[in-house]
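Chemist: Structure provided below as structure tokens; questions to follow.
Every number in this text was worked out from the coordinates using simple rules, so none of it is lab data. Treat the numbers as computed from the prediction; the structure is a model and nothing was measured. So basically every Cβ, Gly included, is an ideal-geometry build from the backbone, and we count neighbours across all protein chains shown.
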Amino acid sequence: NNDDREREMRLSSAWQGKMETAEQQPDTDWIEVVEELQKEVVKEHEVLDIPLGISVLRTAHRYWPSLQPCMIQVRYNRAVPGTLSIGSSIPELKLYSLDGREVPLVSNQWEKDYLCLIAGSRS
């Protein structure tokens with residue numbers, strides 16, 4: 001099944017090495033490697049709609065809560081808690097406006113206004 005194949009691949013030394021390498025790069029992270037891995041799993045099962053197949057692979061536990069303890073992304077999660085808390089200073093990040101311009105997160109443009117950031121997960 002998909003979960004067994006994903007587990008086999010995700011825990012292999014080859015894929016773990018790819019994740020470790022990605023984590024050491026300034027412009028990528030392990031989650032991008034997992035996305036590549038999940039594409040491979042879905043392709044192996046001859047799913048024609050790759051994005052839909054990946055979505056089903058990632059969200060099955062939402063529709064069938066009994067699957068939650070089985071989900072590979074829950075059991076072998078590489079995510080770590082963030083270091084920010086309420087009142088923390090925000091680090092400088094590269095943000096982009098809808099028209100593609102780079103907009104600094106920490107800048108004078110926010111002095112008179114509140115800044116609300118909404119973030120989500122790719123997974």
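Chemist: Can you give the FRET efficiency to the nearest 0.05 for S12 and S85, using r as the Cβ-Cβ distance and R₀ = 25 Å?
Modeler: 0.10
Chemist: If you take the beta carbon distance between K94 and E20 as r and set R0 to 22 Å, what does 1/(1 + (r/R0)^6) give as a FRET efficiency, to the nearest 0.05?
Modeler: It comes out at approximately 0.40.
Chemist: Between D27 and H45, how many nm apart are label points set 7 Å from Cα along the C-beta direction?
Modeler: According to this spin-label approximation, the distance is 3.3 nm.
Chemist: Label-point separation (nm) for C116 and R101, each offset 7 Å from Cα along Cα-to-Cβ?
Modeler: Result for the modelled spin labels: 2.2 nm.
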